[in-house]
1. Evaluate the relative contact order of the chain (contact order divided by residue number), counting alpha-carbon pairs under 8 angstrom at least 6 apart; express in whole percent.
2. So which residue, out of SER54, SER177, SER79, gets the largest mean-square fluctuation from a GNM of the chain using Cα contacts under 10 Å as springs?
3. To the nearest 20 debye, what charge dipole does the chain have about its Cα centre, counting +1 at the Cβ of each Lys and Arg and -1 at the Cβ of each Asp and Glu?
4. Using the Karplus equation 6.51 cos²θ - 1.76 cosθ + 1.60 (θ = phi - 60°), what ³J(HN,Hα) coupling, rounded to whole Hz, does each residue of region 254-263 give in order, writing x for Gly and Pro?
5. What is the magnitude of the charge dipole of region 103-210 about its Cα centre, with +1 placed on the Cβ of each Lys and Arg, -1 on the Cβ of each Asp and Glu, and no other charges, expressed in debye to the nearest 20?
6. Ranking TYR351, TYR256 by Cβ neighbours within 10 Å, fewest first, what do you get?
7. Report the charge-dipole magnitude of region 243-367 in Debye, nearest 20, computed about the Cα centre from +1 at each Lys and Arg Cβ and -1 at each Asp and Glu Cβ.
8. If amide H atoms are built 1.01 Å from N in the plane of the peptide, which residues on other chains or at least 5 residues away come under 5 Å of the amide H of LEU315?
Amino acid sequence: MISRTIVDYDIEMLREAFEEVAQSGQFVNGPRAKRFEDAVCEYVGVNHCIGVNSGTSALLLAYKVLGAEKILTTPFTFSATAMAGLFQGIEVVFCDIEEETYCMDMDDVERKLQEHGDIDVVVPVHIFGAGTDMDRLGELKEKYGFKVVSDSAQAFGTRINGHFAGGHPSIDLSCFSLYPTKNLSCAGDGGFITTNDEKLHEKLIRYRDNGRFPNSDVLGSGGNFRLSEFQATVAYKLLLKFNEHQEKRQQIADYYFENLKTLQEKGILKLPKRTSDRTHTYHLFCLEMLKDNPKDVIPLLRDLGIGATLAYGYLISDYDMLEMGEPYSLEDFPKAREITNKLLAIPMSQYMTLEQAEQTVKAIKEVVGC
C-alpha cells in the first residue's frame, strides 16, 4: 500500500540526534533549540523564531499574546485553528474560501469585518501549502486595524509575492507545525512561531516557559510549551535538507500535473491551482473530483494499493462545540462546503518515488474509467 503521506526518517539521523542530545545532558532550553530557531530565521527572513511543542501550542500562544477576543478564519482547515481560540474563550467567526486556492476569500473577509465590527485578529490558513492572498489581506488590515496570525502549519517554504508564508510584512505572528507528515518536521510533536516584533518575541518566550526570559526576572504567568532539544535537533537536520526534499515533492507534483492533465481536460477532475505569485509546496496533493464521489473512489484505489483520503470531508464550523454558540447552517460557506465534499488527497511525500507516483496515476485512471 502506498500511503497518502509517507514518513521515512533516516534511522541513523535519529540515532545521531538522540546521542548528540543525550551526551550533552541538556534536554530542554539548550543550544540546539536556539540553533534551530536561528536557522529558521535565516531561511524565512524574519527576526525571531520561538520553538514550541506543537503547532496547536503555537496558535494558543499567538492568540494569547495578542489578547485576541474575536478571530476570523476559514472553516476549511484542521480543527486546531479554531479550537486554540475556543479553548481560551475567544469567539471564532468563519468566512468562505476561494474556489481556486481553497484559502480564505478576501471579499467575504471584508464582509465579515463590516458585519461584526469587532474582529481583532484574522487568521489566514495557507491550506495544503497554497498561499493566501496576503497582499489583499494587508490592505484590509490597514483599513480595519486588526492583527494577523498566519496559520502556516502546512506551508513552510510557500512563497507569496516574494515572501515566505511566515515572512510576509502583513503578518504579526506566523504559526508552524513540525508534525511528522509536514514538509518540515520533527520526530513527534513540535512547532514554532515567527515574528519581527521584539516585544511579542519576549512575551512568547515568557508564555512558553513559565514566565521566564533569559537573564531576566520571572514576570507574569506562563506555561510549559517548550520544544525539546531532541525534536529541535531532528528539525534542524531536516531543515538542512529541506530544499532537497522540496524538490522531490515538486517532481512528484510535476509528474501528477503532466500525467493527470488529460483527466482535467475531459472534465473528470480538477488539479490544484498554480499561480505565478503564490508558490505551492504540496503538503497535500488534492484532486477535485468533478464526476465521481471521492468516498466511492477511495476504497477502489485502496484495492489497487493506493492510499487516498478525503480532504477534509467536513467543515470545522459543523463541529458540536458548545463554545461556538448557535450552530451554523448547512447553507453557510457554500464554496467551502462544496469543495470539501469533492477533494481527494492522493499520495504525496518527499520520500515517494516516481515509480510510486506512476502506480498512483495508473490506479486513478483505472478507477475513473479512463
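Values quoted throughout were computed directly from the atomic coordinates according to the rules given, and no laboratory measurement underlies them. Model, not experiment: these values are computed from the prediction. FYI the Cβ positions are ideal-geometry reconstructions off the backbone, even for glycines, and counts take in every protein chain you see.
1. About 22 percent, as a whole number.
2. SER79
3. Numbers: 39 positive and 55 negative charges, 128 e Å.
Its charge dipole is roughly 620 debye.
4. 4, 5, 4, 4, 5, 9, 10, 5, 5, 5
5. 340
6. Details: TYR351 15, TYR256 22.
Placing the least packed residue first, the sequence is TYR351, TYR256.
7. That gives a dipole near 460 debye.
8. Sorted by chain and number, the residues that satisfy this come to none at all.
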